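Peer 1: Handing you a structure now.
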Amino acid sequence: MGKEFPLTPKKVAKVDTKYRRIVTDIPAPESVPLLEKLRTNEARSMRGQPPVIWDRAKGVNVFDPYGNMWLDFSSGVLITNAGHGHPDIVKAVVDTAGRSLLATYCFANRERAGLAEKLVQIAPEPLKKVFILSTGAEATECCAKLAMTWGQKQSKSKNVIVSFEDGFHGRTLGAQLMGGSAALKAWIPEAIVKSGCFVNVPYPDGFRQTDVSFAVFEKALKSAGVAPDNVAAVITETYPGGSCKFLPVQYAKDLRAWCDKHKALLIFDEVQAGFGRCGKWFGYLHYGVTADLIACGKGISSSLPISAVLGRPELMDQYEPGSMTSTHSGSPICSAAALASLKVIEKEGLVDNAAKVGAVLLSGMEKLKDKYSDVVGMAAGKGLVASLQIIKPGTTEPDGDLAFDIVSDCVEQGLLFFAPVGRGGGSVKIAPPLCITEDAVRDGLGVLDRAIAKALAGRSVPAK
Ligand SMILES: Cc1ncc(COP(=O)(O)O)c(C=O)c1O
């Protein structure tokens with residue numbers, strides 16, 4: 001995080017395999033003027049990704065205009081669950097646009113009706129009403145609004161939302177108040193952060209927070225001065241995006257029981273975890289608990305911007321007609337894309353594929369952790385999402401520079417990652433489209449192995 005990939009073309013070895021092709025220097029010299037134009041005109045914050053110009057993308061591959069082809073371990077940023085450019089999704093978008101239907105606000109359209117029905121059908125009980133939005137942050141903010149509204153109806157002081165220290169829920173004000181990174185909240189006036197309405201507790205990852213018992217949750221609330229009955233909701237990412245480490249199942253069950261006891265809502269942020277990513281339709285189903293609300297986004301459409309909140313009907317129906325809307329709620333083209341994507345995930349068995357191929361991915365990641373145990377502190381994930389925590393030897397401190405070098409080398413070998421994420425930019429994260437094969441995952445893991453070895457070669461930390 002915070003690092004810029006250089007735009008000076010670097011000589012790299014040519015690659016020509018079934019999944020990857022690199023025929024130019026990286027970045028491709030011809031791409032540099034366009035990349036520079038972006039740097040001239042856009043906010044600096046947009047410079048964070050490897051310098052690859054996406055020209056087209058198909059299945060598990062991303063192509064630039066200069067003859068290079070990457071095996072994609074990013075899915076953009078966990079968007080393209082059904083694979084890049086799936087013909088059914090392209091057709092749904094083209095057909096809708098071809099009818100000259102581009103926007104409808106909250107007027108009804110058939111695409112939105114079809115999507116709402118499908119989402120309610122695949123969502124587990126008791127999540128039987130939906131509100132469609134455009135971005136993940138809008139969905140998590142909406143969960144906060146529904147929870148706060150509901151809580152304050154019980155009692156004016158039931159107005160605390162508890163979330164986790166490693167959590168990320170988007171970049172808007174409410175989403176960042178729920179988020180667990182102090183650095184990301186640095187811009188928010190202290191009076192707001194310390195209002196007492198948003199409280200972070202430690203996330204039991206078993207790595208940086210070694211006591212994974214639920215007692216830590218209760219203790220943290222107590223030391224923050226929060227009375228349990230004042231908690232309106234607890235929101236957690238199904239797994240923290242930075243570490244991909246799921247909650248211990250017993251912790252999740254204890255959390256559900258605690259929420260029931262104190263009449264607090266339990267909200268899962270499924271923006272990353274949903275729609276098959278973790279080998280189940282919704283990632284939180286790995287915990288065997290129910291949710292009161294879930295926020296969805298990213299992989300919902302495998303393409304266009306659309307998100308959703310799914311929840312218990314009595315929570316979803318709190319607002320009067322016209323008082324909880326958004327201009328692009330249920331845009332016909334985005335809805336058509338999402339409905340097509342959900343049908344592809346179903347028809348092609350991609351949830352099961354994520355579970356099956358994900359086992360190969362995780363075991364490969366664990367082998368890398370064992371091989372490079374001085375600098376890989378943790379390998380974690382489920383289904384087709386996983387990450388390696390790159391650390392400074394002998395510590396749990398992230399080594400963002402090493403993670404950056406590893407990702408850069410992978411990109412030069414034709415394996416596409418987004419920039420490292422998480423604490424100190426130390427997390428190298430893998431999230432390929434769910435249509436990937438075991439063979440392609442093994443190919444990518446081989447590239448990652450070579451990249452770690454190479455990045456370490458100039459440093460004084462040997463592989464085991
Ligand atoms: C878990 C989680 N929640 C919310 C968001 C915010 O989604 P968006 O960027 O679509 O607003 C993200 C985005 O990375 C996310 O990973």
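The values are calculated or read from the model by the stated rules, or taken from the named source; none is laboratory data. Remember, it's a predicted structure, so these values are computed and weren't measured experimentally. Because the Cβ atoms are built from the backbone with ideal geometry, glycine has one as well, and the counts that use them run over all protein chains shown. Keep in mind that these areas ignore ligands, DNA and RNA; they rest on the heavy atoms of the full protein, side chains included. Shrake-Rupley method; radii C 1.70, N 1.55, O 1.52, S 1.80 Å.
Peer 1: Which residue, V60, L71, A82, has the largest displacement toward the positive end of the dipole of region 52-101 when charges sit on each Cβ (Lys, Arg +1; Asp, Glu -1)?
Peer 2: My answer, from the dipole projection, is A82.
Peer 1: Which FRET efficiency value, to the nearest 0.05, do you get for D229 and R44 by plugging their Cβ-Cβ distance into 1/(1 + (r/R0)^6) with R0 = 56 Å? Let's see the in-between values first.
Peer 2: On the way: r = 45 Å, r/R0 = 0.80.
My answer for the efficiency is 0.80.
Peer 1: Determine the dipole magnitude for region 346-456: charges of +1 sit on the beta-carbon of Lys and Arg, -1 on that of Asp and Glu, nothing else is charged, the reference point is the Cα centre, and the result goes in debye to the nearest 20. Kindly include the intermediate steps, with their values, before the conclusion.
Peer 2: Numbers: 12 positive and 16 negative charges, 39 e Å.
That gives a dipole near 180 debye.
Peer 1: Let me ask another. On each of the three principal axes of the Cα atoms of region 151-273, give max minus min coordinate, whole Å, ordered largest first.
Peer 2: Each principal axis gives a Cα extent; for region 151-273 these are 35, 35, 27 Å.
Peer 1: Another question, if that's okay. Which order do the peptides 311-322, 410-421, 161-172, 269-280 take when ranked by the mean count of other beta-carbon atoms within 10 Å per residue, highest first?
Peer 2: Details: 311-322: 14.2, 410-421: 24.8, 161-172: 22.3, 269-280: 28.2.
The peptides rank, most packed first, as 269-280, 410-421, 161-172, 311-322.
Peer 1: Still on this structure: Which of rounded, prolate, oblate describes region 138-222, given a ≥ b ≥ c as roots of the alpha-carbon gyration tensor eigenvalues and a/c under 1.5 marking rounded, otherwise prolate only if a/b is larger than b/c?
Peer 2: Oblate.
Peer 1: Tell me what the chain gives for mean residue ellipticity at 222 nm when only DSSP H runs of n ≥ 4 count, each as -39,500 (n - 2.57), the sum divided by the residue total, rounded to 500 deg cm²/dmol.
Peer 2: Numbers: 14 runs with 165 residues, N = 464.
About -11000 deg cm²/dmol.
Peer 1: Here's another thing I want to ask about it. Write down the accessible area per residue of region 205-340 in Å², having rolled a 1.4 Å probe over the full set of protein chains. Could you put the intermediate results ahead of the total?
Peer 2: Values: 4510 Å² over 136 residues.
Value for region 205-340: 33 Å² per residue.
Peer 1: Right, next: Using every pair of alpha-carbon atoms in region 2-148, split the distances into 5 Å bins beginning at 0 and state the percent of pairs per bin, rounded to integers.
Peer 2: Distribution as computed: 2, 7, 11, 14, 15, 14, 12, 11, 8, 5, 1, 0 percent.
Peer 1: Further question: In what sequence, largest accessible area first, do W54, W258 appear using a 1.4 Å probe?
Peer 2: W54, W258
Peer 1: Take the solvent-accessible surface of the protein heavy atoms, probe 1.4 Å, and return the percent of it on region 311-464 that carbon and sulfur atoms account for.
Peer 2: 53 percent
Peer 1: So which aspartates and glutamates can K371 reach, going by Cα to Cα under 13 Å and dropping same-chain residues fewer than 8 places off?
Peer 2: D449
Peer 1: Oh, and also: Let me know the charge dipole size of the chain about its Cα centre in debye, to the nearest 20, where only the beta-carbon of Lys, Arg (+1) and Asp, Glu (-1) is charged.
Peer 2: Working: 54 positive and 48 negative charges, 17 e Å.
Computed about the Cα centre, the dipole is about 80 debye.
Peer 1: Another question, then. For a quick check of your reading of the filter: which trypsin sites (Lys or Arg not before Pro) in region 1-76 sit in a DSSP loop and have no more than 10 other Cβ atoms within 10 Å? The partial results should precede the final answer.
Peer 2: Values: sites: K3, K10, K11, K14, K18, R20, R21, K37, R39, R44, R47, R56, K58; in loops: K3, K11, K14, K18, R20.
Answer in residue order: K11, K14, K18.
Peer 1: Helices from the chain with mean Kyte-Doolittle at least 0.5 and a Cα length along the axis of 15 Å or more, per DSSP H: which?
Peer 2: Values: long enough: 87-98 (16 Å, 0.59); 110-122 (18 Å, -0.30); 136-154 (28 Å, -0.37); 249-261 (18 Å, -0.84); 332-347 (22 Å, 1.00); 350-371 (30 Å, 0.18); 400-412 (18 Å, 0.66); 438-457 (28 Å, 0.28).
Long hydrophobic helices here: 87-98, 332-347, 400-412.
Peer 1: Given the convex hull of the Cα atoms of the chain, what is a quarter of its surface area in nm²? List each step's numbers first, then the result.
Peer 2: Numbers: hull surface 87.2 nm².
Value for the chain: 21.8 nm².
Peer 1: Another question, then. Just to confirm, what accessible area per residue do you get for region 1-132 at 1.4 Å probe, in whole Å²? Provide the component values of the computation, followed by the final result.
Peer 2: On the way: 7240 Å² over 132 residues.
Counting only protein heavy atoms, the per-residue value for region 1-132 is 55 Å².
Peer 1: Per the 1.4 Å probe, what fraction of the accessible area of region 143-275, in percent, lies on carbon and sulfur atoms?
Peer 2: Numbers: 3070 of 5330 Å².
Answer for region 143-275 is 58 percent, counting heavy atoms of protein chains only.
Peer 1: Using a simple spin-label model with points 7 Å from Cα along the Cα→Cβ vector, what separation in nm is obtained for F207 and E346?
Peer 2: So the two model labels end up 3.6 nm from each other.
Peer 1: List the pairs from K219/K253; K156/K185; K245/K429; K58/K280 whose alpha-carbon separation is above 19 Å, in the order I gave them. Could you put the intermediate results ahead of the total?
Peer 2: Values: K219/K253 17 Å; K156/K185 26 Å; K245/K429 12 Å; K58/K280 24 Å.
Going by Cα-Cα distance, K156/K185; K58/K280 fall outside the 19 Å limit.
Peer 1: If I model a spin label at R56 and E438 as a point 7 Å from the Cα along the Cα→Cβ vector, what separation in nanometres do I get?
Peer 2: 3.1 nm
Peer 1: Then there's this: Once the principal axes of the Cα atoms of region 96-189 are found, what is the range along each, listed largest first in whole angstroms?
Peer 2: Largest first, region 96-189 extends 47, 32, 23 Å along its Cα principal axes.
Peer 1: Here's a follow-up. If you roll a 1.4 Å probe over the heavy atoms of the protein chains, what accessible area per residue do you get for region 352-392, in Å²? Numbers along the way, then the final one.
Peer 2: On the way: 1350 Å² over 41 residues.
It amounts to 33 Å² per residue over region 352-392.
Peer 1: Something else now. Starting from the Cα gyration tensor of region 415-464, take the square roots of the eigenvalues, sort them a ≥ b ≥ c, and report rounded, prolate or oblate (rounded when a/c is under 1.5, otherwise prolate if a/b is larger than b/c, else oblate). Before the final figure, lay out each step's value.
Peer 2: Values: a/c = 3.04, a/b = 1.40, b/c = 2.18.
Cα axes put region 415-464 in the oblate bin.
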